[in-house]
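Let me begin by presenting the structure, written as structure tokens, before commenting on it.
The values are calculated or read from the model by the stated rules, or taken from the named source; none is laboratory data. Everything numeric here is computed off the predicted structure, so don't read it as measured data. Note that each Cβ is placed from the backbone with ideal geometry, even for glycine, and that neighbours are counted across all protein chains shown.
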Amino acid sequence: MTAGSPEPAVPQQGAAGSAVSGPARGLDPGATAVTTTGLAKRFRGGQLAVAGIDLLVPHGAVYGFLGPNGSGKTTTIRMLLGLVSPTAGSHTVLGRQMPAAAAQVLPRVGALVEGPAFHPYLSGRANLARLDAADRTADPSTAGRRIETALDRVGLTAAAKKRYRAYSLGMRQRLGIAAALLQPRELLVLDEPTNGLDPQGTREVRTLVQELASDGVTVLISSHLLAEVEQICTHVGVMHVGKLVAQGTLNELRRSQQPRVAVETTAPAAAVRTLAELGLTPGPIEGRHVTAALGEAEPEKVLAALVHAGVPVRQFTVDEAGLEDVFVALTGEGFDVSG
């Protein structure tokens, strides 16, 4: 379906018990592209899909809304766009209270949610023309130019005359993004935008998102692919079973997890003893490899202690936490890294 700089954050306690960077008290909604306060959705059957989350999407950010399928991401996006009514809480989009200001806000928002829906017997270009003609805010005199520009931006110019039913899944995703770009947008909301794309198509979408962000467009990307989020996003929110367990800049989330030292040695048991004597907590021995959270210890002193203890060190590295490490630490489980 297609549709039309932050204040300081304060640490809050998430429902899962993790530190969550949430909206500060008295935050001016105009300072952010999206702000939610206690946003929740419980369906008629009793399922709590979204459990009172506080999102904070700064203007100009590429915000990765991260979580496995079924974690509540799409339900949250549907509430943000006024497609589903929340059971509790409130939210603003582009500084305006929703859904009251939907008529003023949604023309400034481009969205691709739960896959695009188009007429199968029409060409890609004709489908975009129909969507544009149905938009009361669109200028008919510029329709042709805007449609061609949108097709070109997603790499579909060569397939513009092909009927939609002949499009691959990846091409359909691209056409959905093109529909979201028919008008200038201040906020772009993309739900799993690389679904069905081959590696080349994924790179093209990544480049497109980066170009839009450089033009000042705020982009909210829902994804379950850690590698994609890590490559293009400036900010991340992590969802887990309906709860927002953490959010902040990508670097903030990485720094929330301690770096680890990794030692390759032919005497792993001796390395474990030495690391433990330094106050580190080594993980299980895996062949010739031993790892431990660095904590407050200095890497140079750890290496010197290993050498002084006679541990034959073949390799010594300090690994910063990646997004996968952060997610596993927050939720106790992992999910797709690259799809």
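Within the set of pairs 6+ apart or on separate chains, which have a first residue in the stretch 90-112 that is closer than 23 Å to Ile177 by Cα, a second that is among the hydroxyl-bearing types (Ser, Thr, Tyr) and not in a strand (DSSP E or B), and C-beta atoms under 6 Å apart?
Listed by first residue and then by second, the contacts come to Pro107/Thr137.
Taking only pairs six or more apart or across chains, which ones have beta-carbon atoms under 6 Å, a first residue in the stretch 253-264 that is over 7 Å from Thr291 (Cα atoms) and in a helix (DSSP H, G or I), and a second residue that is among the aliphatic types (A, V, I, L, M) and modelled with pLDDT under 80?
Leu253/Val326; Arg254/Ala321
Does any residue in the stretch 131-157 that is within 22 Å of Thr194 (Cβ to Cβ) and of a type in the set (Gly, Ala, Ser) come within less than 7 Å, Cβ to Cβ, of a residue that is surrounded by 11 or more Cβ atoms within 10 Å (Cβ to Cβ) and modelled with pLDDT of 95 or more six or more places away or on a different chain, and which pairs are these?
Every condition considered, the pairs that remain are Ala150/Leu128.
Filter the stretch 136-156 down to the residues that are outside any helix (DSSP H, G or I) and in contact with a Leu (Cβ under 8 Å, 6 or more places away or on another chain), then identify the one that is farthest from Arg174 (Cα to Cα).
Ala138
Counting only residues that are at pLDDT below 90 and not basic (Lys, Arg), how many does the stretch 23-42 have?
Looking only at that region, the number is 9.
Looking at the stretch 126-135, is at least one residue assigned by TED's automatic domain parsing to the domain that holds Ala150 and either over 30 Å from Ala158 (Cβ atoms) or assigned to a strand (DSSP E or B) (or both)?
No, that holds for no residue.
Tell me which of these Ser71 doesn't satisfy, since it passes every other one: (1) at pLDDT below 90; (2) farther than 18 Å from Gln247 by Cα.
(2)
Given the criteria closer than 22 Å to Arg146 by Cα, within 14 Å of the chain's Cα centre (by Cα) and of a type in the set (Lys, Arg), does Arg185 qualify?
Spelling it out, it is not the case that Arg185 is closer than 22 Å to Arg146 by Cα, within 14 Å of the chain's Cα centre (by Cα) and of a type in the set (Lys, Arg).
How many of the residues in the stretch 34-54 are surrounded by 23 or more Cβ atoms within 10 Å (Cβ to Cβ) and in contact with a Gly (Cβ under 6 Å, 6 or more places away or on another chain)?
Here the count works out to 2.
Taking the residues in the stretch 230-244 that are aliphatic (A, V, I, L, M) and surrounded by fewer than 24 Cβ atoms within 10 Å (Cβ to Cβ) as candidates, determine which candidate is nearest to the chain's Cα centre (by Cα).
Out of the qualifying residues, it is Ile232.
In the set Gly64, Gly110, Gly70, which member is surrounded by fewer than 16 Cβ atoms within 10 Å (Cβ to Cβ) and under 19 Å from the mean Cα position of the chain (by Cα)?
Answer to the selection: Gly70.
Filtering the stretch 188-226 down to residues that are among the small types (Gly, Ala, Ser) and assigned to a helix (DSSP H, G or I), which residue is nearest to the chain's Cα centre (by Cα)?
Applying the filter and picking the extreme gives Ala213.
Determine which member of the set Gly287, Gly279, Gly310, Gly295 is on the phi > 0 side of the Ramachandran plot and either modelled with pLDDT under 85 or surrounded by 15 or more Cβ atoms within 10 Å (Cβ to Cβ) (or both).
Checking each option against the conditions leaves just Gly295.
Could you tell me whether any residue of the stretch 227-239 is closer than 23 Å to Leu80 by Cα, part of a loop (DSSP other than H, G, I, E, B) and not β-branched (Val, Ile, Thr)?
yes
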